[in-house]
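The values are calculated or read from the model by the stated rules, or taken from the named source; none is laboratory data. What you see is a predicted model; the values in this text were computed from it and never measured. Here the Cβ is made from the backbone with ideal geometry for all residues, glycine too, and neighbour counts use every protein chain on show. Surface accessibility is based on the protein's heavy atoms, side chains included, excluding ligands, DNA and RNA. Shrake-Rupley method; radii C 1.70, N 1.55, O 1.52, S 1.80 Å.
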Amino acid sequence: MNTQTGSAPQLSDAIQLPSGAVLKNRIVKSAMSDSLGDGTGNPTAAQIRLYERWAQGGLALSVIGEVQSDPRYPEKPGNLMLWEQSDKDSLRELTARASVNGAHIWPQLGHGGALSHAPVYQPKGPSALHIGDFKCDGMTLEEVLALPETYARSAALAKEVGFTGVQIHAGHGFLLSQFLSPLFNRRDDQYGGSVAARARIVTEIITAVREALGSSFPIGIKINTSDLLEGGLTQQDALQTIKLLDETSLDLIELSGGTYFPGAKSSSDSAAKGPYYLEFAAQARQVTDIP
Ligand SMILES: Cc1cc2nc3c(=O)[nH]c(=O)nc-3n(C[C@H](O)[C@H](O)[C@H](O)COP(=O)(O)O)c2cc1C
């Protein structure tokens, strides 16, 4: 509800996020991996122009898909990277031009995990897997424990170069989605097993990113409502996960679904059926107030 008018929110209504940041309307350009990076993780002129045009078009927020913290596990070779070798000047030009007209520009902090771009990169997920033609290595406990710091460092760099928020990617079968999914996550330590144990690394990352960014910088997450895969994350699991996320300092939860697992359905496959996840969103609203 619009608290001022008592009516349902309109597309043009601003929304204030829990951290205090304001989105000027309800139009968000969801993350799309655009492969417009220069191959070394920095933006190209074409990419900067694209995000500037979206901002000029009047949206409140655009999210750049698949921005990597760890150069070893990209989703594609054209992903942007936020790490110690980033070209801060070109990233600053990107954020300055992508935020004209009052638009927010957020990187989606990604990690390919088991779906890292093979064979150029060596896929590594929560657990070693070999299913049909699909094969990946498993992460050691030390590698898992290092993740919050890796995400936090990238998030701090994002803020430094002018991004106005970050989205943590925990959907579509990439690393954090793999941790949430019983299909990919077969760990028998504190990061595998129950829904809470599978979500542990996600909440630890949110805590570390929040510490790096301070209380007034928006942090969003994208998660699956279901993996659309046999043995994967179910809607019940996803609802329980959202209950756990409700106890974090998140600003925004984006609902999606599907997995880029060989032969599986992806979120965009169901686009023709109209607005989706509405039913799930209504259930999620029962367990969280986070926008
Ligand atoms: C070309 C393309 C690239 C995408 N890349 C990403 C991505 O990098 N990260 C992500 O979370 N979703 C990605 N998506 C999914 C979209 O963000 C969105 O969740 C999905 O397309 C469903 O929304 P729609 O019906 O508006 O397309 C991509 C979608 C498309 C079509």
**Request:** For Gln167, enumerate residues with amide H under 5 Å from its amide H, sequence gap 5+ or separate chain, H modeled in the peptide plane.
**Result:** Gln108, Leu109, Gly220
**Request:** Would you calculate, for the chain, the mean residue ellipticity at 222 nm contributed by helices, counting each DSSP H stretch of 4 or more residues as -39,500 (n - 2.57) and dividing by all residues, to the nearest 500?
**Result:** -9000 deg cm²/dmol
**Request:** Just grab the label-to-label distance for Ser12 and Glu247, each label 7 Å out from Cα along the Cβ direction, in nm (one decimal).
**Result:** 4.3 nm
**Item:** Cut-off 14 Å between beta-carbons: net charge of the residues surrounding Leu23, Lys and Arg +1, Asp and Glu -1
**Value:** 0
**Complete:** GNM on the chain, Cα springs under 10 Å; top mean-square fluctuation among Glu254, Glu142, Glu211 goes to Glu142
**Complete:** If each K or R counts +1 and each D or E counts -1, the residues other than Gly78 whose Cβ falls under 11 Å of its Cβ total -3
**Prompt:** In whole Hz, what ³J(HN,Hα) sequence does the stretch 131-142 give by Karplus (6.51, -1.76, 1.60; θ = phi - 60°), x for Gly and Pro?
**Reply:** 10, x, 7, 8, 9, 8, 7, x, 7, 6, 4, 4
**Item:** Per-residue ³J(HN,Hα) for the stretch 117-130, Karplus 6.51 cos²θ - 1.76 cosθ + 1.60, θ = phi - 60°, Hz, x for Gly and Pro
**Value:** 4, 8, x, 5, 10, 9, x, 8, x, x, 9, 5, 9, 9
**Prompt:** Using the Cα atoms of the stretch 1-145 to build a convex hull, what is its mean projected area in square nanometres?
**Reply:** 11.5 nm²
**Prompt:** Given the options Phe280, Phe163, Phe174, which has the most mean-square fluctuation in a GNM of the chain, springs set between C-alpha atoms less than 10 angstrom apart?
**Reply:** Phe280
**Asked** When N is the residue count of the chain, what does its C-alpha Rg come to as a fraction of 2.2 N^0.38 Å?
**Response** 0.95
**Prompt:** Which far-off residues, 5 or more places away or on another chain, put their amide H under 5 Å from the one on Met32, with H placed in the peptide plane?
**Reply:** Gly65
**Accessible area (Å², per residue) of the stretch 15-284, counting only protein heavy atoms and a probe of 1.4 Å** = 41 Å²
**Message:** For a bin width of 5 Å, list the pair-distance distribution of the stretch 123-249 built from all Cα-Cα distances, rounded to whole %.
**Reply:** 2, 11, 21, 23, 19, 14, 7, 3, 1, 0
**Message:** Give me a comma-separated list of calculated 3J(HN,Hα) values for the stretch 277-291, in order, Karplus coefficients 6.51, -1.76, 1.60 applied at θ = phi - 60°, integers in Hz, x for any Gly or Pro.
**Reply:** 6, 5, 4, 5, 4, 5, 5, 4, 4, 6, 10, 8, 9, 5, x
**Asked** If the limit is 22 Å between Cα atoms, which of Lys88/Lys222; Lys159/Lys243; Lys24/Lys265; Lys76/Lys265; Lys24/Lys243; Lys29/Lys124 go over it?
**Response** Lys88/Lys222; Lys159/Lys243; Lys24/Lys265; Lys24/Lys243; Lys29/Lys124
**Prompt:** Once you list every other residue whose beta carbon is under 10 Å from the beta carbon of Leu183, what net charge do they have if Lys and Arg are +1 and Asp and Glu are -1?
**Reply:** -1
**Request:** Using a 1.4 angstrom probe on heavy atoms only, work out the carbon and sulfur share of the accessible area of the chain in %.
**Result:** 52 percent
